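Below you'll find the structure, written out as structure tokens, and then a few comments.
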Amino acid sequence: MGWLLDTFAWLTDPQSWQGSRGIPTLLVEHLGLTAASLGLACLIGLPLAVWLGHVGRGGVLAVQVGNIGRAVPTLALLTILVLASAPFGRSTLTQLVAFTAFAIPPILTNTYVGMRDVDREVVDAARGMGMTGSQVLRRVELPLATTMLMTGVRIAAVQLFATVSIAAIVGFGGLGRIVTNGFALRDVGQVVGGAMVIAALALLVELVFEQLSKVLDPRRRADSRPAPRTPEPVAPLP
């Protein structure tokens, strides 16, 4: 039970929350890299997956890219880029490339699947009403695919937040520095406390994106709208 007391002591120590190695400073670095990598992954993965799903082609490509992306160890890619020459090395670009590549597969795969799962009869009916291809995409396919699209973004966000911690192994910042510094100092309380902070914040990211998915789901918004009131019939005057 000694490690529990050491963890509590580290978490309640004011020094753990102050300075360049304090939790708030490292959290800002961590969130910044996570947000930037997620944003780049969305900019790359979402348009490609939406287009492939809309035209109904490239499904094998989307699935294979997702499988290959999951198979590539992020730490290995990060290490290779750190050892490479300019413009990589120990730079922000190295982190962005490695973590963006890690985040693209779930976004690409889930968005493509969501687009292809849209009922084809609904799409055909929209075309039969005279909608153009872009109108079908904007008014029918994208709204119906939003749930799967946001699922991919949520998975990528949670996995990114947790995985960005490994950047500290090759000398970068973020919350992972707490754990690596704890190992270097043989401070069990710091190691466990840092791991608990990362895990708790990853769960918080999960909850935030889950709520965001509900807010952005057009079908949920439509279901929540009050039904229009039917005017009561007016009795004729005698």
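Could you check segment 63-110 and list, in sequence order, the residues that are in contact with a Gly (Cβ under 8 Å, 6 or more places away or on another chain) and over 24 Å from G32 (Cα atoms)?
T109, N110
Return the pairs, sorted by first residue and then second, in which the second residue is modelled with pLDDT of 90 or more, the first residue lies in segment 27-53 and is charged (D, E, K, R), the beta carbons are less than 6 Å apart, and the residues are 6+ apart or on different chains.
Listed pairs, sorted by first residue: E29/G174.
For segment 71-91, how many residues meet the condition of being touching a residue at least 24 places away in the same chain (Cβ under 8 Å) and either of a type in the set (S, T, N, Q) or under 30 Å from V123 (Cβ atoms) (or both)?
So the answer is 2.
Run down W3, W10 and say which single residue is surrounded by fewer than 13 Cβ atoms within 10 Å (Cβ to Cβ) and either touching a residue at least 24 places away in the same chain (Cβ under 8 Å) or in contact with a Pro (Cβ under 6 Å, 6 or more places away or on another chain) (or both).
W3
The values are calculated or read from the model by the stated rules, or taken from the named source; none is laboratory data. Predicted model only: the values in this text are computed from it and were never measured. Every residue, glycine as well, gets a Cβ built from its backbone with ideal geometry; the counts of neighbours run over all protein chains shown.
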